[in-house]
Amino acid sequence: MKANKISLAITLGTAIATSAGCANLSDNQWANKENIGTLIGVTAGALLGSQVGNGNGRTAAIIAGALAGGYLGKTIGSKLDEQDRQALAHQTQQALQYSADGQSRQWTSSHSGASATITAVSSETVERQVAVKRAPSVAAVPNMSLINQPYRSTKSANVRNAPDINAERVASLPTGTTFTAIGRTDNNWIMVGRRGVTVGYVYAPLVEQVPAAATASTNPTAADTATDLDSLDVATAASKGIDLDAFDLDAMPVEQQVAAQTTCRTLNYNIRTAESSDSQTVKACQADDGAWELI
């Protein structure tokens with residue numbers, strides 16, 4: 001897979017260079033050296049990001065790639081080293097997930113003196129078809145709102161094979177159990193995920209989104225830790241009071257296209273370095289797996 005992505009980047013780069021060579025660069029306003037380099041940077045950045053993890057981890061990787069390549073590479077990214085881009089990517093991730101519109105987050109480099117203010121400007125909901133995986137024994141839903149964020153049970157909760165109080169119980173979650181919420185159904189049930197697969201539904205009032213880690217500003221990986229249902233095997237889960245016996249963990253998941261409500265957000269960056277300052281407005285939208293992608 002990795003080799004294929006690298007090959008794709010080389011192929012795209014070659015195609016761009018070849019097409020540019022068919023005309024005089026000075027006569028082609030779009031195909032100038034700076035824009036060709038930018039497009040290659042976008043491609044490399046996107047491929048770099050797509051190779052790392054999913055959800056929160058993939059978000060940070062994609063954002064870091066965007067900060068290094070593309071139009072951000074000519075502005076914000078060009079003023080930061082790799083360590084700063086990684087740290088700013090994690091702060092961007094936190095802003096996208098947790099900041100209300102109009103709220104700002106501050107970031108300061110631990111070594112270079114660079115700093116930034118990231119402001120959530122606006123949010124919008126868009127509908128599109130997304131690919132959702134589910135266990136074969138779990139009922140399908142025709143539509144949902146995409147979440148793909150860490151949730152936890154606030155009370156002891158039953159997980160059922162359909163979003164209905166009368167549906168078969170497939171597991172139980174003690175208070176405080178964390179899991180990845182794939183989405184929310186239109187009748188207010190949360191799709192419980194295990195390693196990217198919906199394994200059941202829990203009634204929404206019994207769970208809540210896990211808040212931003214208090215240490216995220218100093219420990220960027222704090223928000224990326226695995227949730228209970230992702231990381232525990234059946235025996236270990238049982239020792240914690242989490243019943244996973246009814247989950248068919250070895251079954252091949254079913255993948256289907258579902259109409260999903262997804263979120264796009266607009267952010268404003270104000271960044272300062274020892275040499276200069278810059279401002280940039282960007283838009284980010286959720287991908288199928290919940291990762292935020294700058295577009």
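Readers should treat all values here as calculations from the given coordinates under stated rules, not as data from a laboratory. Nothing here was measured: the structure is a model prediction, and the numbers come from that model. Cβ: placed from backbone, ideal geometry, glycine included. Neighbour counts: every protein chain shown.
Please work out how much length the chain gains when fully extended from M252 to K155, using 0.36 nm per residue of separation minus the C-alpha to C-alpha distance, in nm with one decimal.
Extra length from M252 to K155 when fully extended: 31.9 nm.
Would you mind getting me the FRET efficiency between A204 and N270? Use the beta-carbon distance for r and R0 = 45 Å, nearest 0.05.
0.75
So, by mean Cβ neighbours within 10 angstrom, what's the order for 92-103, 194-205 with the highest one leading?
Averaged packing, sorted descending, gives the order 194-205, 92-103.
Could you check the spin-label model distance between S279 and V234? Points 7 Å from the Cα along Cα→Cβ, value in nm.
5.9
For R194, what residues show an amide H to amide H distance below 5 Å, using hydrogens built from the backbone and excluding near sequence neighbours?
For R194, the qualifying residues are V199.
Pull up all non-local amide H partners of S172: gap of 5 or more, or a different chain, and H-to-H distance under 5 Å with H placed in the peptide plane.
Amide H neighbours of S172: V159, D243.
Search the structure for amide H atoms under 5 Å from the amide H of I147, placed 1.01 Å from N in the peptide plane, and list their residues when 5 or more places away or on another chain.
G183, R184
If R₀ is 41 angstrom, what is the calculated FRET efficiency for the pair D164 and D101, using the beta carbon separation as r and rounding to 0.05?
0.75
Modelling each spin label as a point 7 Å along the Cα-to-Cβ direction, I'd like the E82/H111 distance in nm, to one decimal.
With each label placed 7 Å out from Cα toward Cβ, I get 1.1 nm.
What ranking do 181-192, 145-156, 264-275, 61-72 get when scored by the average of other Cβ atoms within 10 Å per residue, highest first?
61-72, 181-192, 145-156, 264-275
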